[in-house]
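In what follows, a structure is listed as structure tokens, so that the remarks can point back to it.
The values are calculated or read from the model by the stated rules, or taken from the named source; none is laboratory data. Predicted, not measured: the structure shown is a model, and the values here were computed from it. Backbone-built Cβ (ideal geometry, glycine too); neighbour counts: all protein chains shown. Only protein heavy atoms, including side chains, enter the accessible area calculation; ligands, DNA and RNA are left aside. Shrake-Rupley method; radii C 1.70, N 1.55, O 1.52, S 1.80 Å.
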Amino acid sequence: DDNLMRYARNVTVSAADYGYQMEVICPWDTTLSLGKFALVKDTTKTVGEGLTQVRVPVQSVVAFSATQWAVFLRLGEIERVKGILEGRCVTDSTMRSLLAQEKVYDIGTEAAADIERMIQIQPDILLYSPYFDGNQGGLHITGAVLFPFADYMENTPLGRAEWIRVIGMLTGCEDKADAWFDDIEQQS
């Protein structure tokens, strides 16, 4: 098995000559896929059929969850985050400042996300929380790659934490993300 993930069960990652091949597994039915992605570092290499291509490092992201944007912040990559949900609930001083300066936009709530704002932001990728009903609420019209971030459905703390490495791969900060995750693993 060439899966680079050690604990996470809802995502598999393998090295590819262009970068990484990643699949997000449906937590409610593990025989189903929520998405298959090619994280492309080297555009001269061929990507197989049936994969959604994501040029990495991603330049702009909308992150639906604080557990996502907090990883960008910790990795020193917060300038890639252009929009978040529930901005009014943010307590982190750095993110509050970015919201106040409109360097990051509050795009509303999960139930009522501001699709027009997301279209204006034009993110490369939208990290959303997949739900059992499969409803993406019209997010596809944003033009962004929709990436189901199923970290919250992992059934172990290390499985949830290992999604730090996915963000590391999206930002080109694999070494920093791996070192952080290794620290978490040693402390558990």
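Summed over region 93-108, residues that are surrounded by fewer than 14 Cβ atoms within 10 Å (Cβ to Cβ) and modelled with pLDDT under 95 total 0. Only one of these conditions is not met by R9: (1) open to solvent by 60 Å² or more (accessible area, probe 1.4 Å); (2) touching a Lys or Arg at 6+ places or on another chain (Cβ under 7 Å); (3) not polar (S, T, N, Q). Which number is it? Checking R9 against (1) open to solvent by 60 Å² or more (accessible area, probe 1.4 Å); (2) touching a Lys or Arg at 6+ places or on another chain (Cβ under 7 Å); (3) not polar (S, T, N, Q), the one that fails is (2).
Quick grid of which residues meet (1) more than 11 Å from the chain's Cα centre (by Cα); (2) free of Cβ contacts under 8 Å to residues at least 12 places away in the same chain:
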position: S33; (1), (2): yes, yes
position: K36; (1), (2): yes, no
position: L39; (1), (2): yes, no
position: L51; (1), (2): yes, no
position: R55; (1), (2): yes, no
position: V62; (1), (2): no, no
position: S65; (1), (2): no, no
position: G76; (1), (2): yes, no
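Here's the yes/no breakdown for (1) part of a helix (DSSP H, G or I); (2) surrounded by 22 or more Cβ atoms within 10 Å (Cβ to Cβ):
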| position | (1), (2) |
| --- | --- |
| E79 | yes, no |
| G83 | no, yes |
| M118 | yes, yes |
| P130 | no, yes |
| G159 | yes, no |
| L170 | yes, yes |
| D178 | yes, no |
| F181 | yes, no |
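Restricting region 12-44 to residues that are part of a loop (DSSP other than H, G, I, E, B), more than 18 Å from D175 (Cβ to Cβ) and touching a Lys or Arg at 6+ places or on another chain (Cβ under 9 Å), the residue that is least open to solvent (accessible area, probe 1.4 Å) is Y18.
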